[in-house]
Each structure stands twice: as structure tokens, then as C-alpha cells.
1. As an exercise, use a Förster radius of 22 Å and the Cβ-Cβ distance of R66 and S112 to find the FRET efficiency, rounded to the nearest 0.05.
2. Stretched out fully, how many nm does the piece from Q12 to T77 gain, at 0.36 nm a residue minus the Cα gap?
3. What do you get for chymotrypsin sites (Phe, Trp or Tyr not before Pro) in the stretch 94-124 restricted to DSSP loop and a cutoff of at most 11 other Cβ within 10 Å of the site's Cβ?
4. Can you give the FRET efficiency for S24 and N85, using 1/(1 + (r/R0)^6), R0 = 25 Å, r = Cβ-Cβ distance, to the nearest 0.05?
5. What area, in nm² and to one decimal, does the C-alpha convex hull of the chain cast on average over all directions?
6. Calculate what fraction, in whole %, of the accessible area of the chain sits on carbon and sulfur atoms when a 1.4 Å probe is rolled over the protein chains.
Amino acid sequence: VQLQASGGGLVQAGGSLRLSCAASGRTFRTYNMGWFRQAPGKEREFVAHIRWSGGSTDYRESVKGRFTISRDNANNTVYLYLQMNSLKPEDTAVYYCAAGSSYYYTRHEAYSYWGQGTLVTVSS
């Protein structure tokens with residue numbers, strides 16, 4: 001069972017990044033998936049969620065209209081994406097992908113599987 005996140009980096013404010021997460025080892029096509037982030041000295045927070053079918057998404061208020069979550073269930077390895085546009089310095093954090101099946105998807109306790117995190121740094 002493995003979730004491998006990638007795509008982080010250093011970008012100027014107003015720029016864009018696309019995060020990816022490859023989920024393998026289980027039938028992740030039937031799992032809801034999400035992105036969380038953790039800034040230095042802060043708690044891990046919910047960023048975005050997508051249902052297993054891809055038919056429903058949700059975002060934290062501060063990223064609505066700027067971030068888009070999507071997934072590709074076509075193969076045994078499920079790919080999760082987070083397109084981040086109009087990035088702000090306050091988006092700086094380590095971003096984690098996660099998979100779970102709980103209804104309470106904004107809570108990190110709802111996820112059973114986690115990736116290792118990828119660092120996003122937005123300079124002003």
C-alpha cells in the first residue's frame with residue numbers, strides 16, 4: 001500500500017503548481033481521497049476532497065476558485081491531482097494526499113492511508 005505525492009516546489013506568488021499522488025497496492029478506486037497541508041508550527045488542515053467516483057468535490061474556503069482536485073481511476077494505480085493557481089504565500093506548507101472512506105472528510109482522522117508529503121513554498 002503506497003501513496004506517493006510529488007510536484008511540490010518553489011513558486012512566486014501568483015504562480016501555479018500541480019501536485020500529483022500515485023496510490024497503489026489497494027483498490028483505491030473505491031476510496032474517497034483528499035489533500036491536506038501543514039504549515040510550520042500549525043496543525044494539519046483540510047484542503048480538498050473528492051469522492052471515489054470523482055463526481056463530488058469540496059474545498060476549504062480559502063482555496064475555492066484557485067485550487068482544483070481531480071483523479072484518474074482508469075488503472076490499478078489511482079492518480080490524484082491538485083491544480084493550484086494564483087498561489088499565495090499563505091499556501092506555503094507540506095501537502096499530503098490521503099485516502100479513506102469516512103463521511104467526515106474534512107478531518108484527518110477520516111483517512112486511513114497517507115502519502116509522505118510534498119513541500120510547496122510560495123515566495124512573495
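1. Once the sixth-power term is evaluated, E becomes 0.20.
2. That pair, Q12 and T77, stretches by 20.2 nm at full extension.
3. Counting only loop positions with at most 11 other Cβ atoms within 10 Å, the chymotrypsin sites (Phe, Trp or Tyr not before Pro) in the stretch 94-124 are Y103, Y104.
4. Efficiency, from the Cβ-Cβ distance: 0.35.
5. 6.8
6. Carbon with sulfur: 44 percent of the solvent-accessible area.
The values are calculated or read from the model by the stated rules, or taken from the named source; none is laboratory data. For clarity, every value in this text was computed on a predicted model and none was experimentally measured. Cβ atoms come from the backbone with ideal geometry, glycine included; neighbour counts cover every protein chain shown. Each accessible area value is taken on the protein alone, full model and side chains, heavy atoms only, with ligands, DNA and RNA left out. Shrake-Rupley method; radii C 1.70, N 1.55, O 1.52, S 1.80 Å.
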